[in-house]
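The values are calculated or read from the model by the stated rules, or taken from the named source; none is laboratory data. Just so you know, these numbers come straight off a predicted model, no measurement behind them. Heads up, the Cβs are rebuilt from the backbone with ideal geometry, glycines too, and the neighbour counts pull from every protein chain shown.
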């Protein structure tokens, strides 16, 4: 006989396992689990389920004989599924700890994930973690990543000594350590540093605070393992930067000794994977605070020892010019494939410095460059318009020569100022004219009203494939009532202190690399909606977009953004002196517009597939918008298929808002006869232990 039916509303998949475990603890064995969903949100299999992203679901649990098995359905679930499910909780320490206590099976899977990455940003937690690991060698072997940002300096001498003993014991047994981040200034010394570095032969990434008060670069050079491929220094002092040459030399020259030892092992028919890989720095990152300590002379001395460098990131080094960067790029190209990721942020890079980098652009995959600043100590003086024009001309040529470029970041620091004459050479107002860059008809008439025209092809067919202007007509509408921008947009001008993106540079960017860019970030540089329209039309593969706008036209902003089929992460910036001010309702409305447009693309793609259109000519579609933000606020985008249905209970689903597009979805019916998609925003979860990458921008 079947027991009584019970229905539960679950928010995510791993909550299911906790409910199943609770039944097991009460002596009830589960024979079946039924999922009741809307619009085919789940596809059930014998051992598991696959769920559409953002969909809620109902679960029905049937009770059977308690003797039917110890774990019921949980015992029948393949172990291979538990690992990827629990791996989504890597950054949620409390949830992983709860999973480890569910049962022995969960403990065997969750415990390695719990100790794999240690993010120590709380003093109390730091003391407890090292006290636990210092007395347990088995747990120390599970540690792969250690990130220490704090240190309890207020302890008395006895407890501080006990803490150092626990730290040494932990790192001595952490033989699988791969990444070490220790950035708390004043917490590292020459007694502790040898133990941190000599415990693991697998250490690949090392990030340290650059203060040399209690430790020296000679100690670091002596004990740093040859396996280190990535080195980062935060706010280094002059003595630390000078010793960096010896460290890079040891890591490179150690490869010769490793090759000789590897050849001897081959003669003896022995194998050691650690000796087969060539040593030498692959990544070098130096972060200063508008400091003159790092100079071109130091970079030129470093260059011969960076032959295998793939990533170079320099930020806030105001004494570095193109000469030092060019020397490193030349040595890296002669010794290997060249530098793939190049970030030059807050340096003294002018137009002629960018020209020095042109011969090495072919290997670039990622490029980050800040708006040029004056050579003054503060860097806040305005540059003449001719200098800005020459800078962007050489910058555009660098991009055109970078045939493999996929990610581009360009931003202006907080102290940057626009050109002295307030404009750019060749532009009357710094804005772009769509008639010069776009062959399509304008979407606005002379009065600024949206044109509701029907597009036809050369044969007069009204069902011609839609282009960008059609998306504007179909999805342009007023924002939700009650929003801060409800009604007609106001005419506005760019703030006087905001640098503007030149038209000529944007034209060369989208024509040469627009189709292959996957990440485009423009921080602190004003972008008009006309220019945004050019980006959305030509950069169809961008997944990560950051823009700085100043115009107050929310309907058109949403209509332009929804044209990007593969957009996943969007962040909108606006200065306090601009007219742009978006609240949470406006941000949610933009996400809803992008979601509706993505659904229509999916329907069009399916219809084209049924007609036998070749795969290369099908309409592009992506996974949809996952993250959206405005200024310093970030939300996660969640989607659901209308309102959930199920037996009456405590949870009362809210009404489903109508879709904002003008394609018939306002009546509650979508082209593919599915429930309308409801978009909600979830604030960024600080408990996850991560920080939105889009806000990690150095503005020296």
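The residues of the stretch 191-226 that are within 19 Å of residue 177 (Cα to Cα) and part of a loop (DSSP other than H, G, I, E, B), listed by number, are 192, 199, 200, 201, 202, 203, 204, 224, 225, 226. Among the residues of the stretch 264-271, are any closer than 30 Å to residue 337 by Cβ and at pLDDT 90 or above? The answer is no, given that none of the residues of the stretch 264-271 is closer than 30 Å to residue 337 by Cβ and at pLDDT 90 or above.
State all residues of the stretch 149-171 that are part of a helix (DSSP H, G or I) and within 33 Å of the chain's Cα centre (by Cα); if no residue qualifies, say none. Spell out the reasoning first.
Quick first cut of the stretch 149-171, residues part of a helix (DSSP H, G or I) only: 157-171.
Answer for the stretch 149-171, where residues must be part of a helix (DSSP H, G or I) and within 33 Å of the chain's Cα centre (by Cα): 167, 170, 171.
Against the list (1) surrounded by fewer than 17 Cβ atoms within 10 Å (Cβ to Cβ); (2) free of Cβ contacts under 8 Å to residues at least 40 places away in the same chain, the condition residue 238 fails is (2).
Residue 185 meets each of the listed conditions (1) assigned to a loop (DSSP other than H, G, I, E, B); (2) more than 25 Å from residue 312 (Cα to Cα) apart from (2). Checking each residue in the stretch 208-231 for being crowded, with 18+ Cβ neighbours inside 10 Å and touching a strand residue (DSSP E or B) at 6+ places or on another chain (Cβ under 8 Å) picks out 208, 209, 210, 220, 224, 228, 229, 231.
Count of the stretch 132-148 residues, restricted to those that are loosely packed, with under 14 Cβ neighbours inside 10 Å and either touching a residue at least 24 places away in the same chain (Cβ under 8 Å) or not in a helix (DSSP H, G or I) (or both), is 1.
Suppose the filter is under 18 Å from residue 251 (Cβ atoms) and crowded, with 20+ Cβ neighbours inside 10 Å; does residue 188 pass it? No.
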